[in-house]
Amino acid sequence: RAPEQQQQPLHLVFFPFLTRSHMIPMLEIARIAAERGVKVTVVTTPANAHLVQPTIDRANSRPAFPHQPHMDLRLIPYPSADFGLPDGCESLSAVPAPALVPNFYAALFSLRGALDTLLRDLRPVDALVSDAIHVWTTALAAEHGIPRLIFQVFGLFPLCVENETYLHRPYESISSRSEPFSIPGLPHPVKLTRASMAEGFNSLYMLGLLHESELNSYGVIVNSFYALEPDYAEHYYKVAPRKVFLVGPVGLAGTHPPAAEKKEEKATACRDATLRWLDAREEDSVVYVSFGTLCEFSEEQLRELALGLEASGHPFVWVLRAEGEKWMPEGYEERVAGRGLVVRGWAPQAEILAHRAVGGFVMHCGWNTVMEGVCAGVALATWPRRFEQFVTEKLLVDVLKIATPVWEGFSSVVDEEKVVVPAEALAKAVKRLVGGGEEVAAMRRRVRELAAMGRQAVAEGGSSYEDMSCLIQGLMLCREE
Ligand code: UDP
């Protein structure tokens, strides 16, 4: 670089994966970097522009202290039609039909050419920050002579399990889906089954690709903080192929993109109505029930879920993301009126959790959800559904002891999809969370200590703040090399 270019702010290009749950934390990290003086360009496809733009507008309109944030959005087309996919399908709001998954990934890999051209166009670029799923971007960044940083959507605990699973292959000789085995090498013994690793860490081929791309990257950025997973942080510092930057918790209440919803008015009305409803409840009396962005339940399961919430006798807010409601028990909403609120569509989750009336959270162990629950200081009940969620459940229940499983049977489930959790199990979990008692009081004490540590971590001088400083300084040094 010419000497005058050395004085320019760092320019980072962020390339998130296309689902909301991957995009939300990555955009928050981009925004934090912009507020620390980094020039940020976010790259996505047209169908996802509306999810990114609110964060960019909010960052750019912030007063300069000490830097005027500078974020841009650049779009690259997603070639749906070339791969036999429906237009706009990359803005994933449901898991693609199994037959279309290979096409979805093939189309994703084909973005390499467009990203390559864009990186040339955007020069000078100091680093490419891309989702772990975009394994091919390590080689692309190398071709451009810039470092690639991996954004890892889940926490250190699952990351350590992933790493040790790849290195030790603990299930290679186990064909049964329900036989428990331990993962060697971890700071504490952890037992899992193949069923509970399904889709997550069950493919050694995929783990190999991830490992290799990490090996050739500059490092990994994780939305977690040291005090949440200290043993696993120390462990990963020792075994990780590259540097690890813990920059979370990001995306806490009040910092989320306003609605992440095309119909913004509708989202704002839903937000206001839900928060007003909570205003009228007593402290820690409400249980919030939500299963993330991609969660699909059978009709039979949805019915049991509804009945379980009713049977608990406690106030609840339930975010329902289901097509059609034939399964809804007759007269259900009239029966629970005044005590239960069913929110359809996109709920302002981080704000709901931060409300003083919410004392418990039934959730699926998606990592963003976990971070939001922990940072809101609410007691948790776990109902993992897929991906790495069964692994994360172990962290919450066995290691941190801030959660109670909705149904213990899950840990030995043979085929999770076919299992229906009975209404009574959910009713029992809800009573444990908001019904009072020493067990939940202890859980809440622990989770509130963690929440306070999370706030300290991101405040100036905190561990996550400092990791972001190290990342920025490290990349500045790379520029001089
Ligand atoms: N979310 C939200 N409102 C909803 C559903 C989800 O704000 O109605 C947000 C939630 O706060 C979290 C993200 O979507 O930030 C879900 O991410 P997570 O990793 O928990 O789960 P996934 O969707 O990948 O299963």
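The values are calculated or read from the model by the stated rules, or taken from the named source; none is laboratory data. Owing to the predicted nature of the structure, the values given are computational and were not obtained by experimental measurement. Note: ideal-geometry Cβ built from the backbone for every residue, glycine included; neighbour counts use all protein chains shown. Protein only, heavy atoms only, side chains kept; ligands, DNA and RNA dropped before computing areas. Shrake-Rupley method; radii C 1.70, N 1.55, O 1.52, S 1.80 Å.
So here's what we get for this one:
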| quantity | calculated |
| --- | --- |
| Size of electric dipole in region 4-58: Cβ of Lys, Arg +1 and of Asp, Glu -1, about Cα centre, debye, nearest 20 | 120 |
| DSSP H segments from the chain that extend 18 Å or more along their own axis, Cα-based, with Kyte-Doolittle mean of -0.5 or above | 20-35, 299-312, 438-458, 463-480 |
| Highest to lowest packing among 423-430, 71-78, scored as the average C-beta count within 10 Å | 423-430, 71-78 |
| Flagged links, alpha-carbon separation over 24 Å, of 243/401; 191/243; 191/238; 401/428; 394/428; 39/243 | 243/401; 191/243 |
| Solvent-accessible area per residue, Å², over region 316-443 with all protein chains present [probe radius 1.4 Å] | 36 |
| Sulfur and carbon atoms: percent of accessible area, region 101-205 [1.4 Å] | 55 |
| Packing rank of 309-322, 106-119, 173-186, where each peptide gets the mean count of other beta carbons within 10 Å, highest leading | 309-322, 106-119, 173-186 |
| Peptides 153-166, 127-140 ordered by average Cβ neighbours within 10 Å, highest first | 153-166, 127-140 |
| Protein-only accessible surface order, largest first, of 333, 393, 438 at 1.4 Å | 438, 333, 393 |
